[in-house]
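Chemist: Questions regarding the structure given below will be posed in turn.
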Amino acid sequence: MRILEGEKVTKHFGGLAAVYHVDFAIDQGEVVGLIGPNGAGKTTLFNLISGSLPTTTGEIRYKGKKITGLKPHQICRKGMARTFQSAKLFAGMTVFENVLAASLFGTKRAITVSDAEREAMELLEFVELSTVGAMPAKDLPIAHRKRLEVARALATQPDLLMFDEVMAGLNPAELAQAMELITKIRNKGMTIFMIEHVMKAIMNICDRIIVLHHGSKIAEGTPEEIATSQTVVEVYLGE
Amino acid sequence: MDWVRMISKKSFFLGLSFLIIILLATLPLYIPPYPVISLTSIIMYIIITVSWAIFSGPTRYISLASAAFFGVGVYTSAILGEALLLPVVIVIGGLVSFILALFIGLLTLRLRGMYFIIFTFGISELIRHSLLWWETKMMGTVGRWVVAVDHVVVYYVILVIFALALLTAYLVKRSRFGLALKSIGEQEEAATHIGINATVVKTIAFAMSAFFMGAAGAIMATRWTYIDPKIAFNPLFSFMPVLMAIFGGTGQLYGPIFGAALFAYLEEILITKFPYYYMLIFGSILIVVILFLPHGVVGLVQKWRKGGLKRQNANP
């Protein structure tokens with residue numbers, strides 16, 4: 001079943017087409033990677049899908065319903081969550097409160113505070129941050145910040161998770177942990193759409209990869225197809 | 001042991017607040033009128049500061065529209081004072097400010113940082129000058145008389161508004177609505193992406209804070225008996241709460257109360273004797289506070305009690 005699809009999605013910043021006529025479709029339960037050189041429009045595309053930015057033209061549908069024009073909080077409550085390239089945590093709040101807020105506000109259901117608290121605790125355990133729950137989020141090291149963002153996104157009970165470079169800036173040991181966490185999330189049956197520069201991760205985790213370059217989609221396929229594609233190699237390494 | 005300390009601390013604070021309330025409530029019985037009147041203006045400043053902090057504290061949107069909401073309350077009282085009962089006038093004063101804040105909120109809360117500050121300041125100045133123009137050109141007389149009310153009644157009314165504002169601030173802080181406000185202040189974009197309707201949350205909080213300012217204005221008008229746009233919409237009503245709250249510290253409920261009480265008291269003492277030195281001293285203290293005590297005096301006390309001032313954070 002199609003969970004997310006975009007049709008001729010376009011975003012202009014003044015004269016610059018940051019995203020141009022991009023078509024994409026993601027099925028339920030799939031893990032799809034989004035790659036491309038710096039400035040290719042990957043984060044812009046994420047911003048368009050999650051409602052941070054209005055599209056110039058084109059249409060995005062989530063679970064068959066049009067979501068272009070909706071506000072981020074409406075899209076979140078439809079069951080889509082995202083993380084940010086530079087972790088945007090509630091820095092002055094505790095790690096626990098960060099997740100709690102998402103549990104309380106992220107869904108359409110009416111939830112009691114004690115239920116939300118229990119849920120937040122469980123999620124902190126899931127991402128292995130339960131020991132630092134009382135710490136202010138700003139005191140966390142980078143790897144923990146990224147995991148907290150994942151927990152916060154999960155707390156909104158999404159069906160589709162969008163990760164914007166959750167593995168950037170991690171050392172090899174942390175990277176292994178992050179990959180393990182994503183695999184764990186994936187095994188829960190979650191649909192994942194992820195931007196990533198860490199090729200090892202992308203190649204291992206993703207079912208399918210979309211390549212953006214200068215705002216346009218230049219390739220799409222399985223990790224093997226992408227790794228051997230002439231166009232992709234040219235874009236990344238030059239001719 | 002920590003539990004025992006926490007419980008006894010909590011009951012200590014509860015007992016202390018209870019004692020202060022009884023003291024404040026019985027004060028007019030055994031002190032002369034002048035201190036009661038002074039105390040009334042001190043509490044007025046505390047109300048404006050506490051209600052300012054309901055919105056601006058957690059969201060970090062610095063509003064300079066307090067004078068607009070206060071002044072609207074003052075004028076409501078001046079216009080309706082003769083026709084309606086005092087409690088009704090005060091509630092209407094609060095409601096008119098509430099509605100005005102809803103409009104201003106929907107208009108301006110998409111602005112952030114400096115733009116929001118300037119816009120809110122502009123709004124209160126716009127109202128003040130428009131009213132002055134209207135009175136000068138259209139009515140031929142500037143200012144109005146307000147039906148006077150006995151100073152003890154004024155005192156009790158302001159005390160009730162104070163208690164309600166404090167209770168509201170406390171409940172908001174503890175509620176999920178308060179958590180939403182805090183999330184917006186910390187990271188607004190992330191807050192919207194976890195399902196918080198930032199515009200609605202901000203606007204409601206803004207209007208709630210305006211309600212108490214309007215109510216305070218409505219009762220203060222009856223004490224002043226004569227009002228005009230310069231008195232009602234005095235820009236100091238916008239600036240003072242910000243300075244008082246920053247001085248006290250906005251992290252805790254008692255920060256703004258402490259800051260407002262101290263400065264309003266200083267003003268009562270100093271402004272008649274050294275009006276220029278007062279602002280000079282005030283300004284100097286404020287610069288020191290902003291530079292060295294970013295969390296205000298209350299923040300300093302907390303930090304100090306937590307284990308010394310030397311403890312520094314690795315990731316500030």
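The values are calculated or read from the model by the stated rules, or taken from the named source; none is laboratory data. Since the structure is predicted, the reported quantities are computational estimates derived from the model, not experimental observations. Cβ atoms come from the backbone with ideal geometry, glycine included; neighbour counts cover every protein chain shown.
Chemist: So which residues in the range B:225-244 are buried (at least 18 other Cβ atoms within 10 Å of the Cβ), within 28 Å of residue B:87 (Cβ to Cβ) and hydrophobic (A, V, I, L, M, F, W, C), if there are any at all?
Modeler: Those that are buried (at least 18 other Cβ atoms within 10 Å of the Cβ), within 28 Å of residue B:87 (Cβ to Cβ) and hydrophobic (A, V, I, L, M, F, W, C): B:227, B:232, B:233, B:237, B:240, B:244.
Chemist: Would you mind stating whether residue B:77 is small (Gly, Ala, Ser) and within 20 Å of residue B:172 (Cα to Cα)?
Modeler: On the way: small (Gly, Ala, Ser): yes; within 20 Å of residue B:172 (Cα to Cα): no.
So residue B:77 does not fit the description; no.
Chemist: Among A:158, A:136, which is touching a residue at least 40 places away in the same chain (Cβ under 8 Å), within 11 Å of chain B (Cβ to nearest Cβ) and under 29 Å from residue A:74 (Cβ atoms)? I'd like the intermediate steps shown before the answer.
Modeler: Working: A:136 fails: under 29 Å from residue A:74 (Cβ atoms).
After ruling out the rest, the residue left standing is A:158.
Chemist: Oh, and also: Can you tell me which of B:94, B:73 is in contact (Cβ under 8 Å) with a residue 40 or more places away in the chain, touching a Gly at 6+ places or on another chain (Cβ under 9 Å), within 21 Å of residue B:142 (Cβ to Cβ) and part of a helix (DSSP H, G or I)?
Modeler: B:73
Chemist: Being closer than 30 Å to residue B:192 by Cβ and not in a helix (DSSP H, G or I) narrows it down to one of B:62, B:54, B:104, so name that one.
Modeler: On the way: B:54 fails: not in a helix (DSSP H, G or I); B:104 fails: not in a helix (DSSP H, G or I).
One residue alone meets the criteria, B:62.
Chemist: May I pose another question? Just need a number here: residues in the range A:56-85 that are more than 13 Å from every other protein chain (Cβ to nearest Cβ) and part of a loop (DSSP other than H, G, I, E, B). Walk me through how you get there before you give the answer.
Modeler: Here is the first cut: in the range A:56-85, the residues more than 13 Å from every other protein chain (Cβ to nearest Cβ) are A:56-69.
Those left that are additionally part of a loop (DSSP other than H, G, I, E, B): A:56, A:63-64, A:67-69.
Counting residues in the range A:56-85 that are more than 13 Å from every other protein chain (Cβ to nearest Cβ) and part of a loop (DSSP other than H, G, I, E, B) gives 6.
Chemist: Now for a different question. Does any residue of the range A:155-165 turn out to be assigned to a loop (DSSP other than H, G, I, E, B) and within 20 Å of residue A:201 (Cα to Cα)? First the steps, then the outcome.
Modeler: Filtering the range A:155-165 for residues assigned to a loop (DSSP other than H, G, I, E, B) gives A:156-159, A:165.
Applying the additional criterion that residues be within 20 Å of residue A:201 (Cα to Cα) yields A:165.
Yes, that holds for at least one residue.
Chemist: Related question: Kindly check whether there is at least one residue in the range B:141-159 that is out of contact with any Gly (no Cβ under 7 Å at 6 or more places or on another chain), within 14 Å of chain A (Cβ to nearest Cβ), hydrophobic (A, V, I, L, M, F, W, C) and assigned to a helix (DSSP H, G or I). Lay out the reasoning, then the answer.
Modeler: Of the residues in the range B:141-159, the ones out of contact with any Gly (no Cβ under 7 Å at 6 or more places or on another chain) are B:141-145, B:148-159.
Keeping just the survivors that are within 14 Å of chain A (Cβ to nearest Cβ) gives none.
No, the range B:141-159 contains no residue that is out of contact with any Gly (no Cβ under 7 Å at 6 or more places or on another chain), within 14 Å of chain A (Cβ to nearest Cβ), hydrophobic (A, V, I, L, M, F, W, C) and assigned to a helix (DSSP H, G or I).
Chemist: Filter the range A:95-129 for residues that are in contact (Cβ under 8 Å) with a residue 40 or more places away in the chain, of a type in the set (Val, Ile, Thr) and either away from chain B (no Cβ under 11 Å) or part of a helix (DSSP H, G or I) (or both) and give the result.
Modeler: Scanning the range A:95-129 gives A:95, A:99, A:127.
Chemist: Read through the list (1) at pLDDT below 90; (2) within 23 Å of residue B:73 (Cβ to Cβ), then give the number of the only condition that residue B:205 fails.
Modeler: Status for residue B:205: all satisfied but (1).
Chemist: From the set of residues in the range B:121-136 that are touching a residue at least 60 places away in the same chain (Cβ under 8 Å) and more than 14 Å from residue B:108 (Cα to Cα), which is surrounded by the fewest Cβ atoms within 10 Å (Cβ to Cβ)?
Modeler: B:129
Chemist: A follow-up question, please. Which of the residues belonging to the range B:179-202 are within 8 Å of chain A (Cβ to nearest Cβ), farther than 10 Å from residue A:90 by Cβ, part of a helix (DSSP H, G or I) and in contact with a helix residue (DSSP H, G or I) (Cβ under 6 Å, 6 or more places away or on another chain)?
Modeler: Of everything in the range B:179-202, those that are within 8 Å of chain A (Cβ to nearest Cβ), farther than 10 Å from residue A:90 by Cβ, part of a helix (DSSP H, G or I) and in contact with a helix residue (DSSP H, G or I) (Cβ under 6 Å, 6 or more places away or on another chain) turn out to be B:180, B:192, B:193, B:198.
Chemist: Moving on to the next point. Among (1) within 11 Å of chain B (Cβ to nearest Cβ); (2) crowded, with 24+ Cβ neighbours inside 10 Å, there is one condition residue A:88 misses while meeting the rest; what is its number?
Modeler: Evaluating residue A:88 over (1) within 11 Å of chain B (Cβ to nearest Cβ); (2) crowded, with 24+ Cβ neighbours inside 10 Å leaves (2) as the failure.
Chemist: Among the residues of the range A:39-55, is there at least one that is aromatic (Phe, Trp, Tyr) and in a helix (DSSP H, G or I)?
Modeler: If we filter the range A:39-55 for residues that are aromatic (Phe, Trp, Tyr), which is where we start, we get A:46.
Next, from what is left, pick out any that are in a helix (DSSP H, G or I): A:46.
Looking through the range A:39-55, at least one residue is aromatic (Phe, Trp, Tyr) and in a helix (DSSP H, G or I).
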